[in-house]
Every structure is written in structure tokens, then in C-alpha cells.
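Novice: Pasting a structure here, questions to come.
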Amino acid sequence: MIEVKAVVNLAREHEIQLVHYLTATGIDDGLLINFGPRVDVKRKFRVYKRQDSQDRQDAKKE
């Protein structure tokens, strides 16, 4: 999903809004792009999953 803004500065509320959109649609990740005085791009995820060291080792084996 891509959320486009044209504001001076991105606020925390813009990031939260994107995560809500991701949750509502079931999409896992999205981009927040701001065409303000300079272009800002942020990538957001619906669910944050931290990989522990065992998960990383299992992934390398596959």
C-alpha cells in the first residue's frame, strides 16, 4: 500500500494512519511518501515481528 502526503513535515499521526490502513486491509507493509519541501519515504509494517537468534538460524538452514 502507498500513502501519499504533501505536508511540510510528516507527523506521527500520518504513520499511525498508514498502520491502521494496513490493518484494515490485511496488507503487511506499506510506504508513506511525503512530497513536501523535500521527499520523505518511510516503510511501515502492519505487525512488528522480532526474529530471535533461533529463528535466524532456522531460516539459514532452509
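The values are calculated or read from the model by the stated rules, or taken from the named source; none is laboratory data. Remember, predicted model here, so these are calculated numbers, not experimental data. As a convention, Cβ positions derive from the backbone with ideal geometry for all residues, glycine included, and neighbour counts pool all protein chains shown.
Novice: What number of residues within the stretch 12-37 are more than 9 Å from residue 1 (Cβ to Cβ), surrounded by fewer than 13 Cβ atoms within 10 Å (Cβ to Cβ) and not charged (D, E, K, R)?
Specialist: Result for the stretch 12-37: 8.
Novice: OK, next. Check every one of the strands (runs of 3 or more DSSP E) wholly within the chain and list those with 1 or more residues that are at negative phi and at pLDDT below 95.
Specialist: Values: elements: 2-5, 29-35, 39-45.
Per the criteria, 29-35, 39-45.
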